[in-house]
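A quick write-up on the structure given underneath.
The values are calculated or read from the model by the stated rules, or taken from the named source; none is laboratory data. This is a predicted model, so every value here is computed, not measured. Heads up, the Cβs are rebuilt from the backbone with ideal geometry, glycines too, and the neighbour counts pull from every protein chain shown. Protein only, heavy atoms only, side chains kept; ligands, DNA and RNA dropped before computing areas. Shrake-Rupley method; radii C 1.70, N 1.55, O 1.52, S 1.80 Å.
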Amino acid sequence: PGDVHIADTVEFDGYGNLIQATNFAIFSVTQEYETNNSLITYVDINDPAGDIVVRATAAAPGQMADRFKMDAWNGVLRVVTNTGWPERNTYITTFDLTDPDTMAQLGQTTLQSASGESVFATRFDGPKAYIVTYLTKDPLFIVDLSDPVNPQVLGELEIPGWSTHIEPRGDRLIALGVDDQGGQRVMVSLFDVSNPAAPLRLDYESFGEGWSWSSAYNDVKAFSVFDDIILVPFSGWNTGSGGYDRLQFISYTHDTLEPGGYADLQGSALRSFAYSDLYYSVTQEQLAVIEAADLAAPTVINTISLAENVADIAPLANGWAVEV
């Protein structure tokens with residue numbers, strides 16, 4: 001610990017900020033604009049002394065939206081990409097990782113009924129992938145990747161709105177998303193995927209008045225799922241009182257969601273966590289301590305300012321100053 005230093009550095013062509021890290025490799029994605037392909041470079045980090053080696057680069061059609069669109073499992077890299085207009089197809093492509101210097105393609109399939117749609121939430125869970133696309137409705141696709149040479153769509157569920165992030169919980173999925181019925185509101189859904197051929201949405205809850213949004217849309221770590229509690233940051237606007245930032249509490253069982261109350265915050269929640277008998281939320285402006293023994297009425301019992309938005313400052317004659 002007293003001698004932290006850079007062990008090795010490598011450079012390679014391309015521009016991008018999307019990676020997926022494992023304990024043996026970092027997969028770095030760049031965009032090849034001439035072909036509209038996503039180029040995935042295998043960066044070998046196996047050496048315990050820290051020597052890094054750039055191995056093969058593989059190509060998948062279209063663009064990769066976020067790091068949840070690729071996953072290494074059982075010697076296979078699985079990726080989900082989305083091509084541009086006019087076809088707008090979603091591809092699932094698998095690559096063999098047993099020889100990092102070739103990274104040969106094993107298989108590929110498209111989501112036929114999602115042609116023309118954009119891909120949103122994606123989550124891999126062992127031999128399965130859960131993929132959400134959207135144009136006017138949200139199809140949730142369940143894809144079997146147990147045979148990487150021949151990926152198969154097992155089931156599909158079409159519901160209003162769309163999901164931006166998925167948390168697998170065994171044969172259940174908890175999803176953060178957007179309810180587009182009568183506006184756009186923050187939504188949490190509970191799915192039953194015990195029968196992959198016939199997925200079901202068991203329950204859902206929406207938050208906000210007409211229009212609301214969540215900081216977790218851009219940073220999923222702002223969305224916290226515990227064993228029986230979900231913490232959902234959401235922001236919105238009231239005609240009478242103006243804008244607000246809140247942390248919504250939801251309790252859940254195997255089959256139901258039960259909305260509790262919310263705590264008002266200063267700034268959008270970036271991280272929320274439980275410690276001892278209390279909950280804590282970090283925003284751009286404060287750390288808030290929340291008591292939620294009664295989930296229907298969570299209460300902020302203490303705060304400490306982390307940053308303040310100073311709009312103006314005026315000096316006073318006595319040497320003091322006024323901040324707004």
>> Any residue at all in the range 190-204 that's surrounded by 15 or more Cβ atoms within 10 Å (Cβ to Cβ), hydroxyl-bearing (Ser, Thr, Tyr) and over 27 Å from VAL132 (Cα atoms)?
In response: no
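Might you check whether a residue that is basic (Lys, Arg), more than 14 Å from GLN152 (Cα to Cα) and open to solvent by 20 Å² or more (accessible area, probe 1.4 Å) occurs anywhere in the range 69-78?
Within the range 69-78, the subset basic (Lys, Arg) is 69, 78.
Cutting the leftovers down to more than 14 Å from GLN152 (Cα to Cα) gives us 69.
Next, from what is left, pick out any that are open to solvent by 20 Å² or more (accessible area, probe 1.4 Å): none.
Scanning the range 69-78, I find no residue that is basic (Lys, Arg), more than 14 Å from GLN152 (Cα to Cα) and open to solvent by 20 Å² or more (accessible area, probe 1.4 Å), so the answer is no.
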> If you go through the range 121-142 one residue at a time, how many are at pLDDT 95 or above and not small (Gly, Ala, Ser)?
Replying inline: 12
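Residue check: is PHE124 of a type in the set (A, V, I, L, M, F, W, C) and under 23 Å from ASP179 (Cα atoms)? Can you show your working first?
Numbers: of a type in the set (A, V, I, L, M, F, W, C): yes; under 23 Å from ASP179 (Cα atoms): no.
Spelling it out, it is not the case that PHE124 is of a type in the set (A, V, I, L, M, F, W, C) and under 23 Å from ASP179 (Cα atoms).
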> Of (1) without any contact (Cβ under 8 Å) to a residue 40 or more places away in the chain; (2) part of a loop (DSSP other than H, G, I, E, B), HIS254 satisfies all except one. Which?
Replying inline: (1)
>> I'd like the residue in the range 285-294 that is in a loop (DSSP other than H, G, I, E, B) and open to solvent by 50 Å² or more (accessible area, probe 1.4 Å) and, out of all such residues, is nearest to ASP264 (Cα to Cα).
In response: GLU285
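Within the range 120-127, is even one residue under 17 Å from ASP147 (Cβ atoms), part of a loop (DSSP other than H, G, I, E, B), without any contact (Cβ under 8 Å) to a residue 60 or more places away in the chain and open to solvent by less than 30 Å² (accessible area, probe 1.4 Å)? So that I can check it myself, show each step before the final result.
Of all residues in the range 120-127, those under 17 Å from ASP147 (Cβ atoms) come to 124-127.
Now restrict to residues that are part of a loop (DSSP other than H, G, I, E, B): 126-127.
Restricting the remaining residues to those that are without any contact (Cβ under 8 Å) to a residue 60 or more places away in the chain gives 126-127.
Applying the additional criterion that residues be open to solvent by less than 30 Å² (accessible area, probe 1.4 Å) yields 126.
Yes, the range 120-127 contains at least one residue that is under 17 Å from ASP147 (Cβ atoms), part of a loop (DSSP other than H, G, I, E, B), without any contact (Cβ under 8 Å) to a residue 60 or more places away in the chain and open to solvent by less than 30 Å² (accessible area, probe 1.4 Å).
Among the residues of the range 79-113, which ones are of a type in the set (A, V, I, L, M), over 23 Å from GLU158 (Cα atoms) and surrounded by fewer than 23 Cβ atoms within 10 Å (Cβ to Cβ)?
First pass over the range 79-113, keeping only residues of a type in the set (A, V, I, L, M): 79-80, 92, 97, 103-104, 106, 111.
With over 23 Å from GLU158 (Cα atoms) added as a condition, the list becomes 97, 103-104, 106.
The answer is MET103, ALA104, LEU106.
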> What number of residues in the range 230-284 are among the polar types (S, T, N, Q) and crowded, with 21+ Cβ neighbours inside 10 Å?
Replying inline: 5
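Conditions tested, residue by residue: (1) open to solvent by 60 Å² or more (accessible area, probe 1.4 Å); (2) hydroxyl-bearing (Ser, Thr, Tyr).
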position: VAL4; (1), (2): yes, no
position: ASN23; (1), (2): yes, no
position: TYR42; (1), (2): no, yes
position: ASP47; (1), (2): no, no
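Could you tell me which of the residues THR239, THR283 is of a type outside the set (Lys, Arg) and more than 28 Å from ARG67 (Cα to Cα)? Please lay out each step first, then the result.
On the way: THR283 fails: more than 28 Å from ARG67 (Cα to Cα).
So the residue among THR239, THR283 that is of a type outside the set (Lys, Arg) and more than 28 Å from ARG67 (Cα to Cα) is THR239.
If you check VAL322, VAL310, which single one turns out to be more than 16 Å from VAL232 (Cα to Cα), open to solvent by less than 100 Å² (accessible area, probe 1.4 Å), modelled with pLDDT under 95 and in a strand (DSSP E or B)? Lay out the reasoning, then the answer.
On the way: VAL310 fails: in a strand (DSSP E or B).
Matching residue, one of VAL322, VAL310: VAL322.
Where residues in the range 144-187 are of a type in the set (Val, Ile, Thr), surrounded by 14 or more Cβ atoms within 10 Å (Cβ to Cβ) and more than 18 Å from ILE229 (Cα to Cα), which of them is farthest from the chain's Cα centre (by Cα)? Spell out the reasoning first.
Applying the first criterion (of a type in the set (Val, Ile, Thr)) to the range 144-187 yields 149, 153, 159, 164, 166, 174, 178, 186.
Checking which are surrounded by 14 or more Cβ atoms within 10 Å (Cβ to Cβ) leaves us with 153, 159, 164, 166, 174, 178, 186.
With the extra rule that they be more than 18 Å from ILE229 (Cα to Cα), the set shrinks to 153, 159, 164, 178.
Details: VAL153: 22, ILE159: 20, THR164: 6, VAL178: 13 Å.
Among those residues, the one meeting the criterion is VAL153.
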> Residue check, LEU135 against (1) touching an Asp or Glu at 6+ places or on another chain (Cβ under 8 Å); (2) aliphatic (A, V, I, L, M); (3) open to solvent by less than 60 Å² (accessible area, probe 1.4 Å); (4) under 30 Å from SER214 (Cβ atoms), all met but one. Which one?
Replying inline: (3)
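Results for (1) of a type in the set (Lys, Arg); (2) under 14 Å from ILE166 (Cα atoms); (3) in a strand (DSSP E or B), shown as yes or no for each residue.
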| residue | (1), (2), (3) |
| --- | --- |
| GLN181 | no, no, no |
| MET187 | no, yes, yes |
| LEU190 | no, yes, yes |
| TYR204 | no, yes, yes |
| ASP227 | no, no, no |
| PRO233 | no, no, yes |
| GLN248 | no, no, yes |
> If you take the residues in the range 293-307 that are at pLDDT 95 or above and polar (S, T, N, Q), which one is farthest from the chain's Cα centre (by Cα)?
Replying inline: ASN302
>> I'm told ALA65 meets every condition in (1) within 30 Å of GLN112 (Cβ to Cβ); (2) surrounded by 19 or more Cβ atoms within 10 Å (Cβ to Cβ) except one. Can you identify the failing condition by its number?
In response: (2)
